[in-house]
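Novice: For reference, the structure I am asking about is given below.
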């Protein structure tokens, strides 16, 4: 299968099924792409086996962990819809996000399960799954063996794949649709190579991380280096440790990075370029001068037209990178 055949997120995942190069780095561990797809297939079979009546919507509330990536890829294979639940939301707002998106399962981990302990999510207790280190349990009891896996028909480009919540800067957050086809298109508009390493510390429930790093990694075979959550002080050590050639961010993250104390080794890294939409002119100047790496500002919006939301990707694709 070639990149040109990846017209859906499902096919994008299958591109890597026989790839034995490193696909994922996380906290000192590594997985080949073949192993990533194998884990995704297991999650796909679990989701299909637990499917209930109604929309096949799966809420996921986790930090950036391998489990989140396996669920994203597994949902693509299964034709399920991942709802990226923002764990910074609390109480009734968090419950409303889950209820409004018709989630029939919520997958979280032990640390975050406490956030929904007393909330009415509109789900029975056995529809909340606790996933720690690849082991799945129901909210109270061990997960029983899954029934025989149902058939998984191949999703089409127009099939819904993700519901991504907006930031809520102009009102309450709204769940925006991303189809299988849109995910595949966003993946192939950035000029990454298989020897690139894409460092991703932005949350996987947001379109920045998905369209700028996760999907392009599947398309190109580049390595995805995940961090649980962004840390300005650990930015440069992580970049060096992983050999990252790209970092996706937003302006607020860049603002925090440039406030860290400079050192004489700030240019000792392999970064080729950084994506930093909403970065101020001042922070861009400081960042580029200090780290010696181009910062692409671009523009993207989960709610805009296709042309607008893909503008930054086209801009990068047409740029000669160092």
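Novice: Please specify each residue of the stretch 34-54 satisfying the condition of being touching a helix residue (DSSP H, G or I) at 6+ places or on another chain (Cβ under 6 Å) and in contact (Cβ under 8 Å) with a residue 60 or more places away in the chain.
Specialist: If the condition is that a residue be touching a helix residue (DSSP H, G or I) at 6+ places or on another chain (Cβ under 6 Å) and in contact (Cβ under 8 Å) with a residue 60 or more places away in the chain, then 39, 44, 48 are the ones that fit.
Novice: So, in the stretch 157-177, of the ones that are crowded, with 23+ Cβ neighbours inside 10 Å and out of contact with any helix residue (DSSP H, G or I) (no Cβ under 6 Å at 6 or more places or on another chain), which residue ends up farthest from residue 100 (Cα to Cα)?
Specialist: Selected residue: 162.
Novice: How many of the residues making up the stretch 218-262 are out of contact with any strand residue (DSSP E or B) (no Cβ under 8 Å at 6 or more places or on another chain) and closer than 17 Å to residue 285 by Cα?
Specialist: Total meeting the criteria: 12.
Novice: Among what's in the stretch 183-203 and is surrounded by fewer than 24 Cβ atoms within 10 Å (Cβ to Cβ) and outside any loop (DSSP other than H, G, I, E, B), pick the residue that is modelled with the highest pLDDT.
Specialist: In this case the residue turns out to be 197.
Novice: Just checking, does the stretch 304-320 include any residue being in a loop (DSSP other than H, G, I, E, B) and either modelled with pLDDT of 95 or more or within 20 Å of residue 242 (Cα to Cα) (or both)? Break it down stepwise before answering.
Specialist: Filtering the stretch 304-320 down to residues in a loop (DSSP other than H, G, I, E, B) leaves 304-305, 310, 318-320.
Adding the requirement that they be either modelled with pLDDT of 95 or more or within 20 Å of residue 242 (Cα to Cα) (or both) leaves none.
No, the stretch 304-320 contains no residue that is in a loop (DSSP other than H, G, I, E, B) and either modelled with pLDDT of 95 or more or within 20 Å of residue 242 (Cα to Cα) (or both).
Novice: May I ask you to list the residues in the stretch 36-61 that are crowded, with 22+ Cβ neighbours inside 10 Å and part of a loop (DSSP other than H, G, I, E, B)?
Specialist: Once the filter is applied, which keeps residues that are crowded, with 22+ Cβ neighbours inside 10 Å and part of a loop (DSSP other than H, G, I, E, B), the stretch 36-61 yields only 61.
The values are calculated or read from the model by the stated rules, or taken from the named source; none is laboratory data. All values reported here derive from a predicted model rather than from experimental measurement. Every residue, glycine as well, gets a Cβ built from its backbone with ideal geometry; the counts of neighbours run over all protein chains shown.
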